[in-house]
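Colleague: Encoded as structure tokens, here's the structure I'll be asking about.
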Amino acid sequence: MSRFTEMFRQSPFQPLRDHMATVMKCVGLVQPMFAALSEHRLQDLEDITKRVFKSEHDADLIKDEIRQSIPKTFYLPVFRGDLLGHLKLQDDMADTAEDIAVLLTIKPLALPEQIREHAMTYVGTVIEVCNRAAELTGQVQAVVEQGFEPERVETLLAAVREVETAEWRSDREQYKLSRELFALENVISAVDIMLWFKVFGELGRLANFAESLADRIRRMLTSR
């Protein structure tokens, strides 16, 4: 019997929390990657990138085991499909962090001085969205185990709205930063501009997946 099968008998969210912990090891390395690149610590960047790849692989292994373990034969307090959807969004977060690592190392790349500070601010807003979404995964377990007590549900729904607000701030930063990036068209190469635009877009996708995870939790709480 899979170790996760027994976990599901105790709580449907403990396996998801275990997976999210590994996902956040991956996501949590995004900011250090940007710091290393910004400070021209290229060997550190390579080392951090390898850790991202390892964490993403570990998350994939846990994901596959959970998918095989989600029970079909006994009662769950939430829909099985919602659990699988929740797991998929967590997996998307890890995959996107890995995609960012690839883009930052696929060719020698320098973060333009003119947008360095704003870029680091933007990265921080994205990681804030992810951290808030990760916290929700832990909080929802207590709500489920307490039988969806209305006051606890409302508190968690308020936290979901905070994730959405944080993602909205991230979107604004992405738009402003992208405008600043394209204003450098006579300063840096077109290839580097498009690569950085892709990097900023992947960061936006990371925040979007985190927001979608929060929305998935809202659905679990309100569609019973």
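The values are calculated or read from the model by the stated rules, or taken from the named source; none is laboratory data. All values derive from a computational prediction rather than experimental measurement. Virtual Cβ from ideal backbone geometry, glycine too; neighbours counted across all protein chains shown.
Colleague: I need the full set of residues from region 17-62 which are polar (S, T, N, Q) and touching a Gly at 6+ places or on another chain (Cβ under 8 Å), in order please.
Modeller: Residue satisfying the conditions is Gln31 alone.
Colleague: Here's something else I'd like to know. Report yes if Glu46 is at pLDDT 95 or above, acidic (Asp, Glu) and crowded, with 18+ Cβ neighbours inside 10 Å, otherwise no. Spell out how you get there, then give the answer.
Modeller: Details: at pLDDT 95 or above: yes; acidic (Asp, Glu): yes; crowded, with 18+ Cβ neighbours inside 10 Å: no.
It is false that Glu46 is at pLDDT 95 or above, acidic (Asp, Glu) and crowded, with 18+ Cβ neighbours inside 10 Å.
Colleague: In addition: Before we move on, is Gly138 in a loop (DSSP other than H, G, I, E, B) and either in contact with a strand residue (DSSP E or B) (Cβ under 9 Å, 6 or more places away or on another chain) or farther than 27 Å from Leu42 by Cα (or both)?
Modeller: When the stated conditions are applied, Gly138 does not pass them.
Residue-wise test of (1) outside any helix (DSSP H, G or I); (2) modelled with pLDDT of 95 or more; (3) of a type in the set (A, V, I, L, M, F, W, C); (4) out of contact with any helix residue (DSSP H, G or I) (no Cβ under 9 Å at 6 or more places or on another chain).
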| position | (1), (2), (3), (4) |
| --- | --- |
| Leu84 | no, no, yes, no |
| Met93 | no, yes, yes, no |
| Leu109 | yes, no, yes, no |
| Ile115 | no, yes, yes, no |
| His118 | no, yes, no, no |
| Thr121 | no, yes, no, no |
| Thr125 | no, yes, no, no |
| Glu128 | no, yes, no, no |
| Ala133 | no, yes, yes, no |
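Colleague: Further question: Report yes if Ala210 is under 13 Å from Asp92 (Cβ atoms) and either touching a Lys or Arg at 6+ places or on another chain (Cβ under 8 Å) or free of Cβ contacts under 8 Å to residues at least 12 places away in the same chain (or both), otherwise no.
Modeller: Answer is yes for this residue.
Colleague: Please go through region 146-178 and give me each residue that is under 25 Å from Leu203 (Cα atoms) and polar (S, T, N, Q), ordered by number.
Modeller: Passing the criteria: Thr165, Ser170, Gln174, Ser178.
Colleague: Which pairs do you get when a residue that is under 16 Å from Leu103 (Cα atoms), found in region 34-57, comes within reach of a residue that is surrounded by fewer than 16 Cβ atoms within 10 Å (Cβ to Cβ), reach meaning Cβ atoms under 7 angstrom, with the pair 6+ apart or on two chains?
Modeller: Correct list of pairs: Phe34/Met120; Ala36/Asp44; Ser38/Arg116; Ser38/Met120.
Colleague: If a residue must be more than 17 Å from the chain's Cα centre (by Cα) and either within 30 Å of Gly81 (Cβ to Cβ) or of a type in the set (Ser, Thr, Tyr) (or both), how many such residues does region 172-217 contain?
Modeller: Total meeting the criteria: 3.
Colleague: Looking only at region 157-193, count every residue that is among the small types (Gly, Ala, Ser) and either under 14 Å from Arg116 (Cα atoms) or not in a helix (DSSP H, G or I) (or both) and tell me the total.
Modeller: Step one: filter region 157-193 for residues among the small types (Gly, Ala, Ser), giving 158-159, 166, 170, 178, 183, 189-190.
After this cut, where a residue has to be either under 14 Å from Arg116 (Cα atoms) or not in a helix (DSSP H, G or I) (or both) as well, the list is 178, 183, 189.
Qualifying residue count, region 157-193: 3.
Colleague: Do we find that Arg161 is over 27 Å from Leu103 (Cβ atoms), surrounded by fewer than 15 Cβ atoms within 10 Å (Cβ to Cβ) and at pLDDT 95 or above in this structure?
Modeller: In short, yes.
Colleague: Scan region 23-41 for residues that are within 14 Å of Gln90 (Cα to Cα) and either surrounded by 20 or more Cβ atoms within 10 Å (Cβ to Cβ) or of a type in the set (Asp, Glu) (or both) and jot them down.
Modeller: Val23, Met24, Cys26, Val27
Colleague: If you don't mind, there's one more thing I want to ask. Just for region 63-72: of the residues that are farther than 19 Å from Asp99 by Cβ and part of a helix (DSSP H, G or I), which one is modelled with the highest pLDDT? Full working, then the answer.
Modeller: Keep residues of region 63-72 that are farther than 19 Å from Asp99 by Cβ, which gives 64-72.
Subsequent filtering for residues that are part of a helix (DSSP H, G or I) retains 64-69.
Details: Asp64: 90, Glu65: 87, Ile66: 87, Arg67: 86, Gln68: 81, Ser69: 76.
The residue in question is Asp64.
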